[in-house]
């Protein structure tokens with residue numbers, strides 16, 4: 001399970017593959033269960049049938065299926081109200097995300113970011129399921145940014161939107177990350193910056209029009225998706241109140257942007273093993289070193305899984321600290337040109353571990369005021385850790401560690417305070433909720449859901 005539960009009205013909504021569950025948030029008792037079979041013939045991530053949760057609007061809940069259908073269910077009974085297919089799985093699309101509800105719209109993206117698709121974000125009317133707008137992340141011929149995509153390459157350029165975005169109601173702006181370009185490791189067929197891949201897009205939710213974009217890794221040949229969660233923070237920056245966007249990016253740099261204009265403010269490396277770039281210039285563009293995949297294989301840092309990934313970061317306004325899990329790991333990345341095909345991924349080969357090297361996860365706390373890391377908490381265990389963080393007003397940080405334990409540390413110092421061994425891998429992000437005046441913390445681990453009551 002990779003779901004983050006959602007609680008409203010005393011019910012907890014959880015998804016797994018194409019199933020949705022409503023649970024009594026006090027006891028975990030099942031109230032209803034909606035089920036449909038998993039889809040066959042899907043490609044890559046969609047074929048694993050991941051599902052990361054629901055969106056909620058009044059008495060309706062929304063979920064994506066593995067074959068890119070948007071479902072609307074009655075929150076009280078689990079009955080299906082409508083079903084909209086929003087992408088063609090015959091073109092390598094699928095879905096692994098949770099929808100984002102903005103006002104009376106439901107926003108969805110697709111998987112297929114390594115599979116010769118053309119990325120898009122779509123908005124549907126929450127009541128009827130009618131398509132309201134669609135924004136293509138890979139521009140077509142004649143559109144701004146299309147020079148990166150000669151011929152019909154734009155149809156297989158990827159840049160998918162496989163994780164939810166973030167909404168700012170005051171600015172009425174949606175911020176959404178896009179995946180890497182395709183083919184992942186062969187940049188020769190897509191010259192230029194490959195817009196709008198590896199970007200955060202600022203979109204008008206009523207129309208889908210682009211307000212601004214920021215590209216973290218132009219002409220990416222390392223699979224550095226920018227699908228990491230953009231966190232919106234109102235805080236002082238250089239002595240002035242600013243509306244900020246923070247993102248710990250898969251490429252190994254933590255970025256601070258002005259979310260009103262998209263202005264680049266700073267970038268800080270957060271892993272020691274980083275050789276694809278030697279820094280970020282004043283415009284926010286990387287100073288690349290020239291390392292790239294080769295037929296023989298090149299050692300690239302960070303590796304294919306990135307210096308962080310889709311699991312959630314968190315920010316505490318009381319401590320001014322930004323918490324996220326980093327991965328110190330390099331890979332041998334190889335290049336072998338190929339052509340896009342239906343039913344196949346489009347990596348142009350792949351990555352493997354470096355002999356004799358082992359990755360390590362590290363929980364980091366970045367101080368937005370000092371622009372330095374206040375503490376680091378190295379992890380022990382298999383580096384296959386895909387668990388996010390959550391921070392609370394009580395000054396705690398909850399997260400899953402590589403040993404399969406759910407932990408809490410002091411948010412100011414990083415001192416370990418508590419842990420519970422789930423006995424399973426945690427590939428999900430925690431959340432907190434309250435029912436009848438009692439606070440709970442919940443996280444999915446393996447195929448189970450764990451909930452803990454706070455004193």
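The values are calculated or read from the model by the stated rules, or taken from the named source; none is laboratory data. A quick note: this is a predicted structure, and the numbers were derived from the prediction, not measured. In this analysis, Cβ positions are derived from the backbone assuming ideal geometry, glycine residues included, and neighbour counts consider all displayed protein chains.
With respect to the conditions (1) surrounded by fewer than 18 Cβ atoms within 10 Å (Cβ to Cβ); (2) under 24 Å from residue 171 (Cα atoms), residue 192 falls short on a single one, namely (2). Scanning the stretch 413-455 for residues that are on the phi > 0 side of the Ramachandran plot and either in contact (Cβ under 8 Å) with a residue 12 or more places away in the chain or touching a strand residue (DSSP E or B) at 6+ places or on another chain (Cβ under 6 Å) (or both) returns 414, 423, 436, 446.
When residues in the stretch 419-450 are screened for being outside any loop (DSSP other than H, G, I, E, B), surrounded by fewer than 17 Cβ atoms within 10 Å (Cβ to Cβ) and within 22 Å of the chain's Cα centre (by Cα), 1 of them pass. Taken as a whole, the condition of being farther than 23 Å from residue 88 by Cβ and over 14 Å from the mean Cα position of the chain (by Cα) does not apply to residue 152. So, in the stretch 334-352, of the ones that are surrounded by 14 or more Cβ atoms within 10 Å (Cβ to Cβ) and part of a strand (DSSP E or B), which residue ends up nearest to the chain's Cα centre (by Cα)? Once the filter is applied, the top-ranked residue is 351. Would you say residue 66 is without any contact (Cβ under 8 Å) to a residue 60 or more places away in the chain, in a loop (DSSP other than H, G, I, E, B) and within 25 Å of residue 7 (Cα to Cα)? In short, yes.
Taking first residues from the stretch 257-285 that are on the phi > 0 side of the Ramachandran plot and partners that are part of a strand (DSSP E or B) and surrounded by 15 or more Cβ atoms within 10 Å (Cβ to Cβ), the Cβ contacts under 7 Å between residues at least 6 apart in sequence or on separate chains come to 262/202; 262/212; 262/213; 262/214; 284/214; 284/264; 284/267. Only a single item in (1) surrounded by fewer than 19 Cβ atoms within 10 Å (Cβ to Cβ); (2) in contact with a strand residue (DSSP E or B) (Cβ under 8 Å, 6 or more places away or on another chain); (3) more than 30 Å from residue 173 (Cβ to Cβ); (4) in contact (Cβ under 8 Å) with a residue 12 or more places away in the chain is not met by residue 16, and it is number (2). Would you call residue 286 over 27 Å from residue 384 (Cβ atoms), in contact with a helix residue (DSSP H, G or I) (Cβ under 9 Å, 6 or more places away or on another chain) and buried (at least 21 other Cβ atoms within 10 Å of the Cβ)? In short, no.
Scanning the stretch 107-128 finds no residues that are without any contact (Cβ under 8 Å) to a residue 12 or more places away in the chain and touching a strand residue (DSSP E or B) at 6+ places or on another chain (Cβ under 9 Å).
Using the structure shown, decide if residue 100 is buried (at least 21 other Cβ atoms within 10 Å of the Cβ), over 18 Å from the mean Cα position of the chain (by Cα) and under 19 Å from residue 50 (Cβ atoms). Taking the combined requirement at face value, the residue does not satisfy it. Checked against (1) part of a loop (DSSP other than H, G, I, E, B); (2) more than 18 Å from residue 345 (Cα to Cα), residue 101 meets all criteria but (1).
If you check 279, 252 for being more than 20 Å from the chain's Cα centre (by Cα) and either modelled with pLDDT of 95 or more or buried (at least 19 other Cβ atoms within 10 Å of the Cβ) (or both), only one passes: 279. Taking the stretch 39-59 as the range and being touching a strand residue (DSSP E or B) at 6+ places or on another chain (Cβ under 9 Å), over 19 Å from residue 4 (Cβ atoms) and surrounded by fewer than 20 Cβ atoms within 10 Å (Cβ to Cβ) as the test, the residues that pass are 39, 44, 47, 59. Do we have any residue at all in the stretch 81-95 that's in a strand (DSSP E or B), buried (at least 20 other Cβ atoms within 10 Å of the Cβ), touching a helix residue (DSSP H, G or I) at 6+ places or on another chain (Cβ under 7 Å) and on the phi < 0 side of the Ramachandran plot? Looking through the stretch 81-95, at least one residue is in a strand (DSSP E or B), buried (at least 20 other Cβ atoms within 10 Å of the Cβ), touching a helix residue (DSSP H, G or I) at 6+ places or on another chain (Cβ under 7 Å) and on the phi < 0 side of the Ramachandran plot.
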